[in-house]
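The values are calculated or read from the model by the stated rules, or taken from the named source; none is laboratory data. A quick note: this is a predicted structure, and the numbers were derived from the prediction, not measured. Neighbour counts are summed over all protein chains in view; Cβ atoms, including those assigned to glycine, are modelled from backbone coordinates with ideal geometry. To get the accessible areas, we keep the full protein, side chains included, count just its heavy atoms, and leave off ligands, DNA and RNA. Shrake-Rupley method; radii C 1.70, N 1.55, O 1.52, S 1.80 Å.
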Amino acid sequence: PRVLAAQSDRADPFFRAFQNGFAHKQTVVAGETQATAIRIGDPVSFSRAVRAMRACEGVVESICERDLADVARTADFCGLYVCPQTAIALAATKRAIASGLISKKQTIVVVSTAHGLKFQEFKQRSVADDIPDASIGLALAPRQVPDSFTAVEEAALS
């Protein structure tokens with residue numbers, strides 16, 4: 001298998017090292033990102049990760065907040081309800097398909113690190129289109145539905 005790793009462009013030391021052929025470890029001051037669980041400026045397992053990437057002809061992408069928000073919203077509309085870190089992985093996958101790095105005929109696996117329910121502030125801000133530097137131009141209002149399965153099902157299908 002081949003590996004595609006992805007980081008937020010606000011905390012992307014591994015991507016920067018990849019850009020120079022992993023000639024040396026990069027360290028950055030990690031900026032604010034919605035992908036808080038991968039907000040790492042100085043990766044501890046750098047050498048192990050480099051070995052894995054070289055063994056698997058790996059590629060590393062750096063994803064901006066707007067792409068993170070856009071892909072998260074699209075995934076949510078498809079029923080996936082992803083966490084911000086998984087949105088980073090999906091955005092990198094989308095980019096790799098668009099560039100031809102991944103063929104539409106290939107089988108891929110995207111690792112989902114957590115469920116969107118753990119990131120309710122992100123989800124609320126995404127729906128309100130209120131994520132800093134990530135406006136996608138479509139704010140949605142929450143819908144109130146009665147607390148029954150039938151009511152939720154009907155609302156989801158309408």
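At-a-glance table
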{"item": "Which listed residue is at pLDDT 95 or above, surrounded by 13 or more Cβ atoms within 10 Å (Cβ to Cβ) and not in a strand (DSSP E or B), from Val29, Val60, Val50", "result": "Val50"}
{"item": "Meets criteria (among the small types (Gly, Ala, Ser) and either at pLDDT below 95 or assigned to a helix (DSSP H, G or I) (or both)) for Ala6", "result": "no"}
{"item": "Qualifying residue in the stretch 90-100 (condition: in contact with a strand residue (DSSP E or B) (Cβ under 8 Å, 6 or more places away or on another chain) and either β-branched (Val, Ile, Thr) or without any contact (Cβ under 8 Å) to a residue 12 or more places away in the chain (or both))", "result": "yes"}
{"item": "Given (1) within 24 Å of Phe15 (Cα to Cα); (2) free of Cβ contacts under 8 Å to residues at least 12 places away in the same chain; (3) surrounded by 11 or more Cβ atoms within 10 Å (Cβ to Cβ), index of the condition Asp133 fails", "result": "(2)"}
{"item": "Qualifying positions in the stretch 117-134 - of a type outside the set (D, E, K, R) and more than 19 Å from Cys64 (Cβ to Cβ)", "result": "Leu117, Gln120, Gln124, Val127, Ala128"}
{"item": "Within the stretch 32-47, tally of residues that are open to solvent by less than 50 Å² (accessible area, probe 1.4 Å), outside any helix (DSSP H, G or I) and of a type outside the set (S, T, N, Q)", "result": "3"}
{"item": "Residue pairs meeting the criteria (Cβ under 6 Å; at least 6 apart or on separate chains; first in a loop (DSSP other than H, G, I, E, B), in the stretch 144-158; second open to solvent by less than 80 Å² (accessible area, probe 1.4 Å))", "result": "Val145/Ala151; Val145/Val152; Val145/Ala155"}
{"item": "Matching residues in the stretch 11-32 - criterion: being within 15 Å of the chain's Cα centre (by Cα) and within 26 Å of Ile108 (Cα to Cα)", "result": "Ala11, Asp12, Phe15"}
